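Working notes, structure below.
The values are calculated or read from the model by the stated rules, or taken from the named source; none is laboratory data. The structure displayed is predicted, hence computed values, not measured ones. Because the Cβ atoms are built from the backbone with ideal geometry, glycine has one as well, and the counts that use them run over all protein chains shown. Surface accessibility is based on the protein's heavy atoms, side chains included, excluding ligands, DNA and RNA. Shrake-Rupley method; radii C 1.70, N 1.55, O 1.52, S 1.80 Å.
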Amino acid sequence: MRRKIVAGNWKMNLVREQAVLLAKEISNERKIDGVELMIFPPFVFVDPITQQIGTDLKVGVQDIYFETSGAFTGEISIAQAKSVGAGIALIGHSERRELFNETNTILKKKVDAALSGQIDFIFCCGEPLNIRKTGREYDFVKIQLEESLFHLSEEEIKKVIIAYEPIWAIGTGETASTEQAEEMHAAIRSWLMERYSEQTAEIIPILYGGSCKPDNAKELFACKNVDGGLIGGASLKTSDFIAIANSF
Ligand code: PGA
């Protein structure tokens, strides 16, 4: 049985009081049978949040840098993230890839740094609209995985959570259909099987992200290979986020 995960990516939203309040509300609701809830607030709020809610809810950072310390203005190391209570990181969110030019090569370094720095991570992948329109989405996503993730050993890959987030569905209100989501998730699982083993492919959670809302989560989470969601906009409202988590 695979883990079921609902993770909220708050992106660059909220100020301190709002962030702490939202985290507390979610934390109070957290006991949803069998579903792991995670939140990814802006880095500056990780400390006040973990101080207030303890370790019950998994709190993560939206990005990490691959170097351990030094002259990297504006970046956050894994040790720094862990020192304020972050237990997990997002790696390769499409906004980092598109707006901040993070390439598969850079993301490979982040993956390696996360493993050696012992922080869990969700590795995000997904194709832009022009790639989907020209029917090249499978090749595109496969290359993202091959170039940043598939160098890992079988023991290492077992620690990874993957999120498939088609870029054309992020923050656009346009969701992938259940067929589109399931087909890509099944493809990702089959590549994991080819590269590693059936047993390993079966245990790796693959989350869907992209305009996942209370009214479409049930259908998406019912797909055989969809193990939860990485939620942007709808994670900023406790009732919506909890409703999504209750959709399993
Ligand atoms: P969205 O964002 O739910 O607002 O589409 C998802 C994400 O970027 O993780």
Subset of the range 168-205 that is outside any helix (DSSP H, G or I) and within 14 Å of the ligand (Cβ to nearest atom) - its residue that is least open to solvent (accessible area, probe 1.4 Å): Ala176
Residue within the range 193-205 that is within 13 Å of Ile5 (Cα to Cα) and in contact with a helix residue (DSSP H, G or I) (Cβ under 8 Å, 6 or more places away or on another chain) present: yes
Total residues in the range 67-116, condition away from the ligand (no atom under 16 Å from the Cβ), surrounded by 14 or more Cβ atoms within 10 Å (Cβ to Cβ) and farther than 25 Å from Thr50 by Cβ: 5
Check on Ser211, within 16 Å of the chain's Cα centre (by Cα), within 16 Å of the ligand (Cβ to nearest atom) and either surrounded by 23 or more Cβ atoms within 10 Å (Cβ to Cβ) or in a loop (DSSP other than H, G, I, E, B) (or both): yes
Within the range 119-162, helices (runs of 4 or more DSSP H) holding 2 or more residues that are more than 30 Å from Ser83 (Cβ to Cβ): 129-133, 137-148
Test: residue in the range 42-50 that is in contact with a Leu (Cβ under 6 Å, 6 or more places away or on another chain) and crowded, with 16+ Cβ neighbours inside 10 Å: no
Single condition Ala222 does not satisfy, out of (1) open to solvent by 10 Å² or more (accessible area, probe 1.4 Å); (2) of a type outside the set (Lys, Arg); (3) in contact (Cβ under 8 Å) with a residue 60 or more places away in the chain; (4) more than 17 Å from Ile167 (Cα to Cα): (3)
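Matching residues to (1) under 30 Å from Glu202 (Cβ atoms); (2) at pLDDT 95 or above:
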site: Arg16; (1), (2): no, yes
site: Asn28; (1), (2): no, no
site: Leu57; (1), (2): yes, no
site: Ile88; (1), (2): yes, yes
site: Asn104; (1), (2): yes, yes
site: Asp112; (1), (2): yes, yes
